[in-house]
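**Q** Okay, here's the structure, questions in a sec.
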Amino acid sequence: MKDVLKIAEKVAVDAILSAGRVARQKFNRDDVMVEEKGSNGDVVTEVDYLAEKVILYKIQEHFPNHQIRSEEKGWSGIEGEWLWLVDPLDGTNNFAIGLPIFGVAITLLYKKEPVLGVIYDSMVDKIYMAEINKGAICEDKFIHVKSSSSIEKMTVGWIQGHVVQNNPEAMRLKQFLDLKFKRTLSLWAPSILWAMLARGDIDGIILYNSEGDDLYGGLLLAKEAGAIIMDFEGNSFEGMNSEPYIIACHPDHKEKFIEIVKDGLL
């Protein structure tokens with residue numbers, strides 16, 4: 001596995017930089033194609049497809065026997081021990097309306113466990129990387145989640161799946177979080193939120209049923225930066241889940257976050 005990860009890291013960085021470059025070049029241009037995707041108000045742009053093509057080519061060139069699941073193309077390759085997850089433009093809705101908050105997320109899993117996660121904040125040109133048991137890094141420096149003194153002064157990220165929409169339970173929980181924390185932040189670019197948590201800019205993330213191709217790289221990044229990753233009952237979140245409900249925060253705040261989420265779901 002060590003040799004695979006060594007090559008995979010270089011491939012992922014090369015691919016993610018190329019994809020991010022495509023997005024920056026096309027950002028805020030009137031001639032970029034945007035069309036509806038599905039029935040939940042989501043959209044897709046030509047940049048999603050262009051960036052995805054670049055990434056898939058680079059992965060398949062070096063790892064032709066690995067399976068890939070990508071945001072637009074879906075599944076490709078033969079099922080095996082290795083699986084790549086690709087979100088070529090995380091934050092497409094932001095990109096489409098000229099909001100410069102979007103990124104690229106590439107994750108490599110081995111036997112359904114993330115072992116390499118790379119996130120690129122495209123507009124500020126920052127790469128975040130985590131390899132299992134090796135810590136989280138940004139610009140060659142280790143990054144860490146923070147422990148705050150007061151719940152009332154905390155900012156937490158909120159991530160929900162497109163299928164959630166105005167689900168009463170989800171909306172009730174989010175409103176409760178707004179009351180308990182200083183600020184609840186919804187970026188509609190989950191990978192950027194995970195990067196913010198890992199570098200200590202926000203204090204936690206509450207995720208309600210959102211299993212995008214950006215998720216597992218973000219989880220690995222946060223975990224390697226020192227966050228505890230658990231479900232709403234406080235059990236450690238491991239592997240893959242098609243309908244995840246997740247709390248991520250500094251271990252010091254584990255019990256308080258569980259209590260707040262449970263109260264918010266009553």
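**Q** Please specify each residue of region 42-84 satisfying the condition of being buried (at least 20 other Cβ atoms within 10 Å of the Cβ), modelled with pLDDT of 95 or more and acidic (D, E).
**A** Across region 42-84, the qualifying residues are D48, E52.
**Q** Additional query: Give just the number: which of (1) more than 15 Å from the chain's Cα centre (by Cα); (2) among the charged types (D, E, K, R); (3) surrounded by fewer than 17 Cβ atoms within 10 Å (Cβ to Cβ) does K174 not satisfy?
**A** Result: K174 fails condition (3) only.
Listed here are the residues, each with its yes/no results for (1) among the hydroxyl-bearing types (S, T, Y); (2) outside any strand (DSSP E or B); (3) touching a residue at least 12 places away in the same chain (Cβ under 8 Å); (4) buried (at least 24 other Cβ atoms within 10 Å of the Cβ).
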{"position": "D87", "(1), (2), (3), (4)": "no, no, yes, yes"}
{"position": "N94", "(1), (2), (3), (4)": "no, yes, yes, no"}
{"position": "G98", "(1), (2), (3), (4)": "no, yes, yes, no"}
{"position": "L109", "(1), (2), (3), (4)": "no, no, yes, no"}
{"position": "G117", "(1), (2), (3), (4)": "no, no, yes, yes"}
{"position": "Y120", "(1), (2), (3), (4)": "yes, no, yes, yes"}
{"position": "A130", "(1), (2), (3), (4)": "no, no, yes, yes"}
{"position": "K134", "(1), (2), (3), (4)": "no, yes, yes, no"}
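**Q** Also, quick follow-up: Yes or no: region 183-201 includes at least one residue that is touching a Cys at 6+ places or on another chain (Cβ under 7 Å) and either of a type in the set (K, R) or more than 24 Å from W84 (Cα to Cα) (or both). Steps first, answer last, please.
**A** Going through region 183-201, the residues touching a Cys at 6+ places or on another chain (Cβ under 7 Å) turn out to be 199.
Within this subset, residues satisfying the condition of being either of a type in the set (K, R) or more than 24 Å from W84 (Cα to Cα) (or both) are 199.
Scanning region 183-201 turns up at least one residue that is touching a Cys at 6+ places or on another chain (Cβ under 7 Å) and either of a type in the set (K, R) or more than 24 Å from W84 (Cα to Cα) (or both).
**Q** Of all the residues that make up region 1-41, how many are more than 15 Å from V118 (Cα to Cα), open to solvent by less than 100 Å² (accessible area, probe 1.4 Å) and under 21 Å from the mean Cα position of the chain (by Cα)?
**A** Summing the residues that are more than 15 Å from V118 (Cα to Cα), open to solvent by less than 100 Å² (accessible area, probe 1.4 Å) and under 21 Å from the mean Cα position of the chain (by Cα) in region 1-41 gives 8.
**Q** Out of D48, D14, D31, which single residue is part of a loop (DSSP other than H, G, I, E, B) and not β-branched (V, I, T)? So that I can check it myself, show each step before the final result.
**A** Numbers: D48 fails: part of a loop (DSSP other than H, G, I, E, B); D14 fails: part of a loop (DSSP other than H, G, I, E, B).
Exactly one of D48, D14, D31 is part of a loop (DSSP other than H, G, I, E, B) and not β-branched (V, I, T), namely D31.
**Q** Name every residue in region 138-169 that is of a type outside the set (K, R), at pLDDT 90 or above and part of a loop (DSSP other than H, G, I, E, B), in order of residue number.
**A** We begin by selecting, within region 138-169, every residue of a type outside the set (K, R); these are 138-140, 142-145, 147-152, 154-169.
From what is left, the residues that are at pLDDT 90 or above are 138-140, 142-145, 147, 150-152, 154-161, 164, 167-169.
Listed by number, the residues that qualify are E139, D140, I143, H144, V145, S147, S150, M154, G161, V164, N167.
**Q** Does L197 satisfy the condition of being touching a residue at least 24 places away in the same chain (Cβ under 8 Å), within 24 Å of F142 (Cα to Cα) and of a type outside the set (G, A, S)? Show your work before the answer.
**A** Working: touching a residue at least 24 places away in the same chain (Cβ under 8 Å): yes; within 24 Å of F142 (Cα to Cα): yes; of a type outside the set (G, A, S): yes.
Judged against the criteria, L197 is a match.
**Q** In contact with a Pro (Cβ under 9 Å, 6 or more places away or on another chain), modelled with pLDDT of 95 or more and open to solvent by 20 Å² or more (accessible area, probe 1.4 Å), is that true of V104? Write out each step before concluding.
**A** Details: in contact with a Pro (Cβ under 9 Å, 6 or more places away or on another chain): yes; modelled with pLDDT of 95 or more: yes; open to solvent by 20 Å² or more (accessible area, probe 1.4 Å): no.
Spelling it out, it is not the case that V104 is in contact with a Pro (Cβ under 9 Å, 6 or more places away or on another chain), modelled with pLDDT of 95 or more and open to solvent by 20 Å² or more (accessible area, probe 1.4 Å).
**Q** From the set of residues in region 205-252 that are assigned to a strand (DSSP E or B) and either of a type in the set (S, T, Y) or at positive phi (or both), which is surrounded by the fewest Cβ atoms within 10 Å (Cβ to Cβ)?
**A** The initial filter retains those residues of region 205-252 that are assigned to a strand (DSSP E or B), namely 205-208, 228-231, 236, 245-249.
Retained after the next criterion (residues that are either of a type in the set (S, T, Y) or at positive phi (or both)): 208, 236, 245.
Details: Y208: 22, S236: 8, Y245: 19.
Filtering region 205-252 for residues that are assigned to a strand (DSSP E or B) and either of a type in the set (S, T, Y) or at positive phi (or both), the one surrounded by the fewest Cβ atoms within 10 Å (Cβ to Cβ) comes out as S236.
The values are calculated or read from the model by the stated rules, or taken from the named source; none is laboratory data. Just so we're clear, the structure is a prediction, and the values are computed from it rather than from any experiment. When we count neighbours, we look across all protein chains shown, and the Cβ atoms used for this are built from the backbone with ideal geometry, even at glycine. Accessible surface is based on the protein model in full, side chains and every heavy atom, while ligands, DNA and RNA are left aside. Shrake-Rupley method; radii C 1.70, N 1.55, O 1.52, S 1.80 Å.
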